[in-house]
1. For the chain, find the longest principal axis of its Cα atoms and tell me its angle to the long axis of helix 604-616, 0 to 90°, nearest 10.
2. What is the extension gain from Asp405 to Gln16, computed as 0.36 nm multiplied by their sequence separation minus the C-alpha to C-alpha distance, in nm to one decimal?
3. Please give the peptides 597-610, 405-418 ranked by average Cβ packing (other Cβ atoms within 10 Å per residue), highest first, as a rough proxy for protection.
4. By how many degrees, 0 to 90 and rounded to 10, does the Cα axis of helix 15-45 deviate from the longest principal axis of the chain?
5. Any idea how far the Cα center of the range 246-291 sits from the one of the range 418-484, in Å?
6. Please enumerate, by chain and number, the lysines with C-alpha under 19 Å from the C-alpha of Lys520, excluding those fewer than 8 residues away in the same chain.
7. Given a 1.4 Å probe and the protein chains all in place, what does the accessible area of Trp437 round to, in Å² to the nearest 10?
8. With each label point set 7 Å from Cα along the Cα-Cβ vector, what nm distance links Thr542 and Val375?
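The values are calculated or read from the model by the stated rules, or taken from the named source; none is laboratory data. None of the values given here were measured: they were computed from a predicted structure. Heads up, the Cβs are rebuilt from the backbone with ideal geometry, glycines too, and the neighbour counts pull from every protein chain shown. Side chains included, ligands, DNA and RNA excluded: accessible areas come from the protein's heavy atoms. Shrake-Rupley method; radii C 1.70, N 1.55, O 1.52, S 1.80 Å.
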Amino acid sequence: MARLLFSTGVEFRDSQREQQQFRVRLGVLTVFVLVMFAVLLARFVYLQVMQHAHYHTLAEANRISIVPATPGRGVITDRNGVELAYNYTAHTLEITPSKAGKVDDTIDRLAEIMEISPRERRRFRQLLDESKSFESLPIRSRLSDEEIARFAAHRYRFPGVEIKARLFRQYPQGELFSHVIGYIGRINQKELDKLEESGEISNYRGTDYIGKMGLEQSYERALHGTTGVEQVEIDSAGRAVRLLSRTPPTSGSNLVLKIDAGLQALAFKAFGNRRGALVAMDPQTGGVLAFVSKPGFDPNLFVDGIDPQSWNELRNSPDRPMLNRALNGTYPPGSTFKPFMALAALTYGKRTPQQGISDPGYYWLGNHQFRDDVVGGHGWVDMYKSIVVSCDTYYYVLANELGIDNIARFMSQIGFGSRSGIDLTGESTGTLPSKEWKKKRFNKEWFLGETVSVAIGQGYNAYTPLQLASAVATLSNDGVMFKPHVVDYIENVATKVRTPVEPQLLRKLDWNPDHIATIKRAMVGVNKEGTSAAVFAGVPYTSGGKTGTSQVIAIKQGEKYIESRVQERFRDHALFIAYAPAENPKIALSLIVENAGFGATAAAPIARQVLDYYLLGKQPAEGTAKKPAVAH
């Protein structure tokens, strides 16, 4: 029996067997504990020895934060040191949507402790639509000390909201240089992709902004600088404890322009409330002295992100302030085309300076009559007189003697119909018509009557003020053509080393010096005895010029153009080209005043003010402009 029973009913255990079972269990438990300790030891060895470097890196990453150090953007000044774009530090109130909960509620609660305008709300909403939820977005910029203190007292109520110190871009000249300098704005996804493709993305860590247009865009690499790195020790709450190491950023280079801010301001003001553009160049280097497009816009609106209402006002304005008229606006050149037509005729042997025509005031081609502006004509007209009095009939006759392809071939040499290569992005090519061009564009043949219109700067002709300025600069410089450039030199902020933008010779045209002299003598005659003589009366220097008027809408045969009966937007454009001093040109320019009528009346007086200022340092006197006796 396993057990012994006594009469008392008490049961006795087998203690020997129980001890044996206990020893077995203890042995198993001991083995289990030893195995667990072995596993723990193995894991310990694995983590502390084999994976030491990996986990040390992770631990350091938790302890150390790598913070990009944003470089200061380069300053832009005019040739005399006038600041056109600079930076300043200010505090912004920023929201990280992914941490702030309901964004609209957060903004409403913030509005209880500081003013948040409807414009700032609209701007933030637009930034939110364009950005990722984990990005920090500004709701208020340029906070005062009082606002900073007020938010600091309530910060605990606003998770995902913080105050940051940022560099801001300022454009003190406003719309005066808007189309030259451009502006910076927040980097969008397309720009991020381009930075990724070019391998520059690491240099933009910690940077929210990039150049969007003008010099801010075309010189982005020079202006941006090189991003630095800071290693900061942080505590468990993510707060900075101490700076461990720092690789300082390299500030962007400064740009110094060829442009004279005083000349720019004078030209801009001379347009008054009218729309237009002016480009002035140094013919001997290609340096741009003034680059006006009016109206302009305030580039400061774009720095923090423009709100939808302001953007719609700019975009929908009938005056088109966002259009860079000097660079992108294309217009028929009108009679400013005639000196180049005359030079083409001399070059191709189609005319001599002495050859002329008897001008009855019209020219018949088939059943179509092309009229001159002067009823009854100009009488006997040679090449000199054709330019001085701006005789259309002379060029009607010349047109078909030259032929459209010869005209196109000659004009292409001096940059019509192609980009000049100026150091501004987005330049238009314009339209230089030819038989081949029309066939490609419209799949139609060329007609002789179209050549007649082209010859007086009408028809399919469409060029930018920049192209026209480059052409007259080349003519005044005896066929030596330079690439236009706005920047004079790039200055390294740290070393103060200046890297000049050297004049770039594009070509030396093989023009006969006698032919050039003939055209230049006639252009001097325009300002002495021709269509702009009254405007240039009494000047102490000699200048060459040519007035122009270009149609916006075609006038039917037999009808007379009466300006007062035409809506303002459909009236003729006024143009003028000039250079001075005639003996050794230092400045050449072109300008257009949209829908202003005759070039002599509306455009030449602006050119006179610009030349007087640049050559004589003379400011215009109010109300002293004389009305020309002859306008064309």
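1. Its long axis makes an angle of about 70 degrees.
2. Values: separation 389, 0.36 × 389 = 140.04 nm, distance 12.37 nm.
Gain on extension, Asp405 to Gln16, equals 127.7 nm.
3. 597-610, 405-418
4. Once rounded, the angle reads 20 degrees.
5. Rounded to whole Å, the Cα centres lie 24 Å apart.
6. Output for Lys520: Lys338, Lys350, Lys385, Lys508, Lys528, Lys546, Lys586.
7. 50
8. 3.8
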